[in-house]
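Scroll down for the structure; my scribbles are underneath it.
The values are calculated or read from the model by the stated rules, or taken from the named source; none is laboratory data. What you see is a predicted model; the values in this text were computed from it and never measured. Positions of Cβ are generated from backbone atoms using ideal geometry, with glycine treated the same way; all protein chains shown enter the neighbour counts.
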Amino acid sequence: MQPEDTPGARRVLPTVAILAVIFFLSVAGLRPPAPQPASAPAAQFSAGRAREVLNHLVGDGIPHPTGSAANGVVRGRVIDELTKLGYQPQVQTGFSCDEFGTCATVKNILARLDGAEPGASVLLAAHYDSVPAGPGASDDGAGVAAVIEIARALKSTAVPRHSIIILIDDGEEAGLLGARVFVAESPWAKDVRAAVNLEARGTSGPSMMFETGTANYWAVKLYSQHASRPAASSIFYQVYKQLPNDTDFTVFKASGYQGANFAFIGDVNHYHTQLDNFANADPGSLQHHGDNALRMILALANSDLTSPPVREAVFFDLFERGVVMWPAGWSFPVAIVALILLLFQVGWLIAKNRLLPSALLWGVVNWLAIFVTTGVLALILQKILHATGVTPTNWLAHPLPLQIAFWCLAISVVTVLSLAFESRTGYWGLWAGVWIWWTLFSVVISWLSSGIGYILLVPSCTAVLVGLPFTLRRGEPRNGVWLSAALPLFVAGVLGFGHVILLYDGLGIRILAGIALLVALLLSPLAPLLASLREPKGFARFALPGAALVATLLAVFAAVVAPAYSAKAPEHVNLQYRQDADSGRSQWVVYTDSGRLPEPIRVATNFHRLDKGSFPWDSLPAFLADAPHLEIAAPTFTILESSESGGMRHYRALLRSERGAPEAVVFFPPDSGIDHVRIQDQPIPQKTARVFRYFNGWDLYRCLTMTAKGIEVQFELPLGTPVEVYVLDLSYGLPLEGMFVLKSRPLTATPYSQGDVTILSRQVQLNP
Ligand SMILES: [Zn+2]
């Protein structure tokens, strides 16, 4: 091995320093822009002005789910704001159901700004309803306030080519119901060609474009040309596609609308709780949301909307300063060329005796060892942390130590193994080993999903191009050899670090081992540089792996001693009062995130644990205690009419909450054979296996906006098999008798999503 064929030990430290700079730039690049003051020019989006609107809408901190009186108040405020701006807002009322069997009467707010051309129009949308457990200042108050501030700005810009329709919809949290009513029933819906939707799954962080219509390349191109601080990546887009999450944009996309969906996801612990309030709504996120949406809606409104081509793009932003993009079809052939070029270089090194075949083999093994060892150790660590109760929830109050631990674990494995293999591989053995795997994977991943594959493809291309002069000619200065390893490493860091940081925000604790694997992947190009560490003697040689190992252990220790929950990141603890009309039994029921009962609640009364709730469709553990019986009427399910045909009995039934609860539900047992369900004459789409899994195979039909009259449910059951259904009604909050349980909930716990509810139930036997 020629000595000039290693970059030299003194280049290791600067390399690590540059990587650290890239890391901090990535962190800084994830910060939303500075909020513009209320005095900003009229044509611009100002978070200062939007926050005044937001404060007016939800500053009182009152949750306002679909159908509630509080939601009516918020609706009135939205209408006031739009009217003040010179719009003529309309309310669109409709009844709709989703594929889970959830129905509600929703009230959308619609307004429009006419464009120069009639016909095709674009849609700007956000939802104004919140979950029952929180005021929804960010989800989706920020979206609504941004839409209103944009509606104001649009009045002081030139008339756009196409009309802009403003939709502030209702019932998103219930099942995208407002969006469904808009696309199905609004006469304006059929003219819409593209939509911009604003959402949130947290209260801070950058507003990211994470979804587009089918004309992906077209939408990203518009976004990249117009956004001032673009935050987007085809990786988010591909990952989001795989998740079961939905927003109103799902409905718009299904209706054939093009466009873009924006959301921020920082501080997910606030999401769907009382902490999603005005004080916690980040003004920077609001500014980013508004900048993105204003520029995108204007770009769409002024674009040619006639048949944008259905084509996918590979795209990513660079520290929110610009977007790199190319057609998705290019990635795979480029990956093949990179692989061929690399194999040629490796063959050349071997032919010129600068790389022994055995050194190459060890280099290949080294990379595999890095990947497998990191994966196994990270998975073991993740399992131990879970089993010992360090990570009882998916998003911890203090996630930094764990993130540091998994990053440093990966760094430890990369450095320790590269040092261990270096004597068998030399510089070029490690270099070839790393890049053979990278180029191979970039071919495979680019084939499977080019939107994800770029993260491998771009560093691979950099490596084979920068490597070319140094693999083909010996005796280059060491700086040149250093470049062949360092440049692709830096490119990998620039593309990858920000994504790995976001991955925790997106997926939480369950992705920690995946984070370690990705860090090991991104840092594996460091391996050839570490070959130079054979030069120094003694301590210096082991300083890097030693520091990484010590940092891993310290971070794990910090994670173990840090509390899982805090007042700012509380545990989700929902309380229920349940009364069964058939047995007369009443119970307090507690659901907790951690599966453990917080001590103050435990001592409040005699709770016992059930592994699977108390209703047969419950799959979560619950804690139950006897509660006093209350004289309140249970819901009724009355058969109004039934008839028989074709082996089925057809029923028309009335579901009614006798006590005026907002929600009523009827649960059919698994395999009841129920078919052709209609609620208030709305057909319910056939349920999928995914839907059934949520309730252990039980089949539920519910209405969140009950009226005194009740709702009509039509269905068919096969003849001859008796079916026992559960009928429930739900109201928000606990009865007064439950005050002592409410008061026992510690500050480190909070109601979540549906929140605390009072449930009355009874069973009804059907004999078809
Ligand atoms: Zn939302």
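Can you tell me which of Ala664, Ala653 is over 22 Å from Val106 (Cα atoms) and of a type in the set (Gly, Ala, Ser)? Reasoning before the result, please.
Values: Ala664 fails: over 22 Å from Val106 (Cα atoms).
After applying the criteria, what remains is Ala653.
Selection of region 373-400 for residues being part of a helix (DSSP H, G or I) and either more than 28 Å from the chain's Cα centre (by Cα) or under 29 Å from Lys568 (Cα atoms) (or both) yields Thr373, Ala378, Leu379, Leu381, Gln382, Lys383, Ile384, Leu385, His386, Ala387, Leu400. Within region 256-277, the set of residues being of a type in the set (A, V, I, L, M, F, W, C) and over 18 Å from Val573 (Cα atoms) comprises Ala260, Phe262, Ala263, Phe264, Ile265.
Taking Thr425 as the residue in question, decide whether it is crowded, with 23+ Cβ neighbours inside 10 Å, at pLDDT 95 or above and of a type in the set (S, T, N, Q). Criteria not met by Thr425.
Is one or more of the residues making up region 69-77 crowded, with 22+ Cβ neighbours inside 10 Å, away from the ligand (no atom under 16 Å from the Cβ) and at pLDDT 95 or above? No - not one qualifying residue is present in region 69-77.
Yes or no, residue by residue, for (1) surrounded by 24 or more Cβ atoms within 10 Å (Cβ to Cβ); (2) at pLDDT below 95:
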position	(1), (2)
Ala263	yes, no
Tyr271	no, no
Gln274	no, no
Pro283	no, no
Gln287	yes, no
Asn292	yes, no
Leu300	yes, no
Ser303	no, no
Ser307	no, yes
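Which one of the conditions (1) out of contact with any helix residue (DSSP H, G or I) (no Cβ under 6 Å at 6 or more places or on another chain); (2) more than 30 Å from Val677 (Cβ to Cβ); (3) modelled with pLDDT of 95 or more does Pro63 fail to meet, given that it meets all the rest? Only one criterion in (1) out of contact with any helix residue (DSSP H, G or I) (no Cβ under 6 Å at 6 or more places or on another chain); (2) more than 30 Å from Val677 (Cβ to Cβ); (3) modelled with pLDDT of 95 or more is unmet by Pro63, namely (2).
Each residue in region 233-261 was checked for being crowded, with 24+ Cβ neighbours inside 10 Å, under 22 Å from Val314 (Cα atoms) and within 13 Å of the ligand (Cβ to nearest atom), and 2 pass. Scanning region 456-505 for residues that are more than 23 Å from Glu320 (Cβ to Cβ) and polar (S, T, N, Q) yields Ser460, Thr471, Asn479, Ser484. Apart from one condition, Glu173 fits all of (1) within 12 Å of the ligand (Cβ to nearest atom); (2) charged (D, E, K, R); (3) under 24 Å from Ala42 (Cα atoms); the exception is (3). Selection of region 110-126 for residues being surrounded by 24 or more Cβ atoms within 10 Å (Cβ to Cβ) and either within 16 Å of the ligand (Cβ to nearest atom) or among the small types (Gly, Ala, Ser) (or both) yields Ser121, Leu124, Ala125, Ala126.
Filtering region 187-211 to residues that are closer than 14 Å to Val122 by Cβ and away from the ligand (no atom under 13 Å from the Cβ) leaves Trp188, Ala189, Lys190, Asp191, Val192, Arg193, Ala194, Ala195, Val196. Could you please find all residues in region 212-232 being surrounded by 24 or more Cβ atoms within 10 Å (Cβ to Cβ) and either among the polar types (S, T, N, Q) or within 16 Å of the ligand (Cβ to nearest atom) (or both)? Residues satisfying the conditions are Thr212, Asn216.
Selection within region 332-362: residues that are of a type outside the set (S, T, N, Q) and either in a loop (DSSP other than H, G, I, E, B) or in contact with a Lys or Arg (Cβ under 8 Å, 6 or more places away or on another chain) (or both). The member of this set that is surrounded by the fewest Cβ atoms within 10 Å (Cβ to Cβ) is Lys352. For region 683-697, the criterion of being aliphatic (A, V, I, L, M) and closer than 21 Å to Ser731 by Cα is met by none of the residues. Ala153 satisfies every condition listed in (1) under 25 Å from Ser207 (Cβ atoms); (2) within 16 Å of the ligand (Cβ to nearest atom); (3) not in a loop (DSSP other than H, G, I, E, B) except (2).
Per-residue answers, yes or no, for (1) at pLDDT 95 or above; (2) buried (at least 20 other Cβ atoms within 10 Å of the Cβ); (3) among the aliphatic types (A, V, I, L, M):
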position: Trp438; (1), (2), (3): yes, yes, no
position: Ile445; (1), (2), (3): yes, yes, yes
position: Gly453; (1), (2), (3): yes, yes, no
position: Leu456; (1), (2), (3): yes, yes, yes
position: Ala463; (1), (2), (3): yes, yes, yes
position: Leu472; (1), (2), (3): no, no, yes
position: Gly475; (1), (2), (3): no, no, no
position: Arg478; (1), (2), (3): no, no, no
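Just one residue in the set Ile452, Ile445 is free of Cβ contacts under 8 Å to residues at least 24 places away in the same chain, within 26 Å of the chain's Cα centre (by Cα) and in the same structural domain as Val519 (by TED's automatic domain parsing); that residue is Ile445.
Would it be correct to say that Asp129 is assigned by TED's automatic domain parsing to the domain that holds Ser303 and either in a loop (DSSP other than H, G, I, E, B) or within 14 Å of the ligand (Cβ to nearest atom) (or both)? Let's see the steps before the verdict.
Numbers: assigned by TED's automatic domain parsing to the domain that holds Ser303: yes; either in a loop (DSSP other than H, G, I, E, B) or within 14 Å of the ligand (Cβ to nearest atom) (or both): yes.
Answer is yes for this residue.
For region 704-744, the set of residues classified as of a type in the set (D, E, K, R) and farther than 29 Å from Gly175 by Cα consists of Glu737, Lys743, listed by residue number. In this structure, Val91 does not qualify as modelled with pLDDT of 95 or more, within 15 Å of the ligand (Cβ to nearest atom) and in contact with a strand residue (DSSP E or B) (Cβ under 7 Å, 6 or more places away or on another chain).
Can you tell me which residues in region 149-195 are aliphatic (A, V, I, L, M) and either free of Cβ contacts under 8 Å to residues at least 40 places away in the same chain or not assigned by TED's automatic domain parsing to the domain that holds Pro41 (or both)?
If the condition is that a residue be aliphatic (A, V, I, L, M) and either free of Cβ contacts under 8 Å to residues at least 40 places away in the same chain or not assigned by TED's automatic domain parsing to the domain that holds Pro41 (or both), then Ala158 is the only one that fits.
Note on region 1-19: among residues that are assigned to a loop (DSSP other than H, G, I, E, B) and in contact with a Pro (Cβ under 9 Å, 6 or more places away or on another chain), the one that is modelled with the highest pLDDT is Pro7.
Taking region 132-145, which residues are within 13 Å of the ligand (Cβ to nearest atom), small (Gly, Ala, Ser) and assigned to a helix (DSSP H, G or I)? The answer is Ala137, Ser138, Gly141, Ala142, Gly143. In region 605-619 there is no residue that is over 33 Å from the mean Cα position of the chain (by Cα) and within 30 Å of Phe637 (Cβ to Cβ).
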